[in-house]
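Below is one structure, written out as structure tokens; comments come after it.
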Amino acid sequence: MSDTFTFTIDGVEVAAEPGQTILEAAQNAGIYIPRLCHRDGLEPAGACRVCTVMVDGRPQTACNFPASEGVVVDNETDQLLELRRDIIDMLFVEGNHWCMFCEKSGDCELQALAYRFGIAAPSFPFQFPADRQADLSHPDIWIDRDRCILCGRCVRASRDLDGKHVFDFVDRGPAKRIAVNAEARLRDTDADVTDEALEVCPVGALMKKGTGFDVPVGRRTYDWEPIGSEIEKRQTQE
Amino acid sequence: MDESLEQAVSEICDQYNNDPTRLVDVARAVQARFGHVGSPAMDAIAGNLGIQRVEVESCVSFYSFLSTEPQGEVVIRLCDDVIDEMKGSSRVARAFRKELGIDFGETTPDGKISLEWTPSIGMCDQAPAALVNDVVLTWLSSDAARRIVRELREHMDPQKLVHSFGDGNNSHELVRAMVDNNIRKTGPVVLAPATQGDALHKALSMSPAEVIREVKTARLRGRGGAGFPTGMKWDFTRGSDGDHKYVVCNADEGEPGTFKDRVILTERAELLFEGMVIAGYAVGAETGILYLRGEYAYLRAYLEHVLDDMREKGLLGKGICERQPFDFDIRIQMGAGSYVCGEETALLSSCEGKRGDPKTRPPFPAQKGYLAQPTVVNNVETLCCAARIFEKGSGWFAEIGPHGSPGTKLLSISGDCSKPGVYELPMGVSLADVLELCGARDPKAVQIGGASGRMVGEDDFERTVSYDDLATGGALMVFSHKRDILKPVRKFMEFFVEESCGYCTPCRVGNKLLLQCLERIMAGKGVPEDLEYLERLSENIVTASRCGLGQTSPNPIRTSLKSFRVAYEDMVQEPEGALRPSFDLAAALAEAEEIAGRDSTILNE
């Protein structure tokens, strides 16, 4: 394409097209920028801040910051790695995450990121929130708010992919939480087990009933290679 | 569903043309009518506005003046900021508790009166203060609190609690507030007398491009604190493509310690609105919105009256100043209790009837703002300066103050000083001069720019208020030597935890972690390495947060660590044994001891 331009990520020249975000351009070039709230195919939100990079020395989230000609992007600096580790750490202590019992273990992006960043145990003090309500009302789907990281993927997927708006956030600050489009129960919404919204949860907060532990250890998504490897392989193949 | 509720909600929604972007107004009206926005009301609102119920809940649950649970007929909200605390709000709180027989967050058993805390209500110069529904009560004491409750029980009419009115327009029949202006020093730009229409007529005799050039020549910069050049902002907005353009005035002054916009709105509303019309003319907008913080609802009727008066005089509405085809009108958007809505993109979300989450930037408001149209968002004081520039000339304005910071600055001064109030001073004034003017008593520290600003000590008192040195929205809180410097810092951090929108991780979680560490230190359980922990965490919150709230919320900690490190060092100590002082071994073992049915042997060693 004639209007393709280039910029650099950690000194490596990367090609991009107008309208692409830094994360998209990086990904096409086989460079992995860690992310949690973002998922390909969903409108980026810039909520988790894990994909923070430096663009000409200023912090920006790669998932929603447009790439532009000649900008200098820092991705894997000591400062940014520490920053991302802190954010992942914060998400762990904010909720109640028990990886060893979780159906999502091995397929969980939060857990996988923690491993990629070498987090064996959080360094921030556990908050152990005691007020997070689970919702088991729906025949096929359950919500475990203990594990929710407030990424908003289900909100966007339900609204933009399913055309339903089953989920949204209520309250604010540390009390912010995911709510359903009914007085209280998921079963009173039009949520369905075939909804795209169910496929996008990065953690074990929004789950299909009756499928837990179906995939044996060894065959789960992140059992053999760290998260991001699939993107980085593009670079080595070329 | 209750038919009368359904009917009432339907009527309220009709008043706003069933427009979902007016959800905040609708919810406020429902709340005013029924005391809360309960579940059936949310269903009804969603049905009428054609949106999802969860969207209504998302918005209603965001704002602290809206409630999904029933509240008392009258809600007493006692101001909970550091200045009020210094001036005795805890004694007032005790009296309210005792007289009402309830605690904060509760409602009397007869369902009549609720008692709540609320962050800064813009009355630090007359603290302690409270809101009783929309009515402001100032200079409170425990006696006053008892009297208020007794009187309320008799008549349940908050307005009747006001026995004398403040100065200036505070005694206007549409205001009738006991609020004092406390104008201690008037300056030539904002608080000087103005002839209505003068600025506007002069501006409209120029072309829009000339108007923008004039503001640029005056080198006017935003008075909210960030200091963006106003002319450039107008120019960007003028140059952006959009079907409609908007001028939004940010009158959501929620920064603890600031109250100067309150005084401008009370005494110079005409000048402010002229500034908005001029901005509208310059950028090609037809609509202006004044976003008025919920705490200033007592000024609303008066401000509507000023707008009506301007319409009658041809200064607003269709064919302004007989210069066709320029039409411009202003509506007032009420806030509903949220500090983050002072952030310009959160303010726009709120104007659109949504929860006050900041928007993703880019695009900036000048490109895509209110309803995704090009929008200018300016501070109250900035728009007044803009108007005055047309009355007196850009050269006149540019000559006041230093080159990089022309004009005057309104300062809201409170705390340990004999003359708290509003001061209009030339930019470039030194902190020492300001402290002398306000009668500061033995000042040890000054918090400049409110909670999100910085705390400076005596070493910095020769510095100046200007964009090149101490850039500020204008709130100055004075703390004397007898104050514990960590107390205001803790208060500010509690405030940010409460007011974070929760959208992004570092602000939502990080501020809470900062507060917890600070509390640990203040409880004498901190260790020296906690100070580095605070610094590192602060740095990361500032870097990674999505909007100005998180990018500035660690400032009280960062700046006080710099200016008053000894205050922290005095509170921390190396642990004596292997355990950190913050680790409570007995508490950690309690559950296990209960299960085992015996005491732990470790504790007895």
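The values are calculated or read from the model by the stated rules, or taken from the named source; none is laboratory data. Not measured: the values here are computed from a predicted model. Reconstructed Cβ throughout: ideal geometry from the backbone, glycine too, with neighbour counts over all protein chains shown. What goes into the accessible areas is simple: the full protein's heavy atoms, side chains included, and nothing from ligands, DNA or RNA. Shrake-Rupley method; radii C 1.70, N 1.55, O 1.52, S 1.80 Å.
Side notes on the structure shown:
- Charge dipole magnitude, Cβ of K and R +1, D and E -1 - chain A, Cα centre, debye nearest 20: 720 debye
- Sequence-distant contacts, meaning Cα pairs under 8 Å at least 6 residues apart, place the relative contact order of segment B:408-480 at 39 percent.
- Between the beta carbons of A:Ala120 and B:Asp570, assuming R0 = 41 Å, the FRET efficiency works out to 0.70 to the nearest 0.05.
- Over the protein assembly as shown: helical MRE at 222 nm, DSSP H runs n ≥ 4 each giving -39500 (n - 2.57), nearest 500: -10000 deg cm²/dmol
- Unit Cα scatterers, Debye sum, segment B:1-112: log10 I(q)/I(0) for q = 0.14, 0.18 Å⁻¹: -0.64, -0.86
- Isotropic mean projected area of the C-alpha convex hull, segment B:184-398 (nm²): 10.9 nm²
- Accessible surface comparison of A:His38, B:His163, B:His201, probe 1.4 Å, protein chains only, largest first: the order is B:His163, B:His201, A:His38.
- Positive-end ranking of B:Val306, B:Ala32, A:Ser158 along the dipole of the protein assembly as shown, with charges on Cβ about the Cα centre, is headed by B:Val306.
- DSSP finds beta bridges in segment B:184-398, and of those with both partners inside it, around 10 percent are antiparallel.
- Maximal additional length on extending the B:Trp396-B:Glu519 stretch stands at 39.3 nm, based on 0.36 nm per residue less the C-alpha distance.
- For B:Glu381, the shell of other residues with beta-carbons less than 12 Å away shows a net charge of +4, using +1 for Lys and Arg and -1 for Asp and Glu.
- Calculated accessible area for chain A comes out at 45 Å² per residue, all protein chains present (probe 1.4 Å; ligands, DNA, RNA ignored).
- Of the trypsin sites (Lys or Arg not before Pro) found in segment B:512-605, those that fall in a DSSP loop while having at most 15 other beta-carbon atoms within 10 Å are B:Arg598.
- Cross-link pairs exceeding 27 Å between alpha carbons, from the set B:Lys160/B:Lys491; A:Lys176/B:Lys160; B:Lys112/B:Lys160; B:Lys98/B:Lys160; B:Lys392/B:Lys419; B:Lys216/B:Lys260: B:Lys160/B:Lys491; A:Lys176/B:Lys160; B:Lys392/B:Lys419.
- Accessible area expressed per residue, segment B:486-569, with surrounding protein chains retained (probe 1.4 Å, Å²): 30 Å²
- Equivalent-ellipsoid semi-axes for segment B:171-311 (Cα gyration tensor, √(5λ), whole Å, largest first): 26, 17, 16.
- Chain lengthening between B:Ala432 and B:His163 when straightened (0.36 nm per residue, less Cα-Cα): 93.0 nm
- Helix axis angle, A:78-94 relative to chain A longest principal axis, alpha carbon, degrees: 0 degrees
- Segment B:349-366 versus segment B:547-605: alpha-carbon centroid distance in Å: 39 Å
- Chain B: relative contact order in percent, alpha carbon pairs under 8 Å with at least 6 residues between: 13 percent
- Debye-sum result for segment A:1-124 in log10 I(q)/I(0), which assumes one identical scatterer on each alpha carbon, at q = 0.11, 0.13, 0.15 Å⁻¹: -0.40, -0.55, -0.70
- Percent antiparallel among DSSP beta bridges (both partners in the protein assembly as shown, rounded to 5): 60 percent
- Kirkwood-type radius of segment A:86-208, with distances r between different C-alpha atoms, in Å: 14.9 Å
- Computed FRET value (nearest 0.05) for B:His201 with A:Glu69, which takes r as the C-beta separation and R₀ as 45 Å: 0.45
- Averaging the Cα positions of each part gives two centres, and for segment B:89-144 and segment B:160-200 these lie 25 Å apart.
- Under 5 Å from the amide H of B:Ala440 lie the amide H atoms of B:Ser418, each residue being 5 or more positions distant or on a separate chain, with H modelled from the backbone and absent for Pro and chain starts.
- Computed from phi, the 3J(HN,Hα) profile of segment A:167-173 under the Karplus parametrisation 6.51, -1.76, 1.60 (θ = phi - 60°) reads 10, 7, 8, 10, 6, 9, x Hz, with x in place of Gly and Pro.
- Dimensionless Rg ratio for chain B, taking C-alpha atoms and the 2.2 N^0.38 Å reference: 1.00
- Efficiency of FRET from Cβ geometry, A:Asp192 and B:Val527, R₀ 51 Å, rounded to 0.05: 0.45
- Cβ-based charge dipole, the protein assembly as shown, positive-most Cα from A:His138, B:Asn169, B:Pro374: B:Asn169
- Calculated log₁₀ intensity ratio I(q)/I(0) where the Debye formula runs over C-alpha points of segment B:486-569, q = 0.23 Å⁻¹: -1.06
- Accessible carbon and sulfur surface of segment B:486-569 relative to its total accessible area, %, 1.4 Å: 49 percent
- Each of B:Leu537, B:Ser582, B:Ala199 was placed along the dipole of chain B (beta-carbon charges, centred on the mean Cα), and the one lying farthest toward the positive end is B:Ala199.
- Stokes-Einstein D in µm²/s, Kirkwood radius over Cα pairs - segment B:525-605 at 4 °C with 1.567 mPa s viscosity: 83 µm²/s
- Each residue was assigned an accessible area with a 1.4 Å probe, and for B:Glu519 the value is about 80 Å².
- Translational diffusion coefficient (Stokes-Einstein; Kirkwood radius from C-alpha pairs) of segment B:3-60 at 20 °C, 1.002 mPa s, in µm²/s: 201 µm²/s
- Relative contact order (%) - criterion: Cα under 8 Å, at least six apart; region: segment A:5-76: 40 percent
- Equivalent ellipsoid semi-axes - Cα gyration tensor, segment B:381-434, angstrom: 24, 13, 7
- Loss of accessible area when B meets A, both sides summed, Å² nearest 100, probe 1.4 Å: 3400 Å²
- Inter-part distance, segment A:1-75 to segment B:435-487, computed on C-alpha centroids, equals 41 Å.
- A straight chain from B:Asp243 to B:Trp139 at 0.36 nm per residue would run longer than the Cα-Cα distance by 32.6 nm.
- Viscosity 1.306 mPa s, 10 °C: Kirkwood-radius Stokes-Einstein D of the protein assembly as shown over Cα pairs, µm²/s: 55 µm²/s
- Surface accessible to a 1.4 Å probe, B:Trp117 within the full protein complex, Å²: 100 Å²
- Long-range HN-HN contacts of B:Thr408 with modeled amide H, under 5 Å: B:Met427
- Debye, to nearest 20: dipole size of the protein assembly as shown, +1 on Lys, Arg Cβ, -1 on Asp, Glu Cβ: 1520 debye
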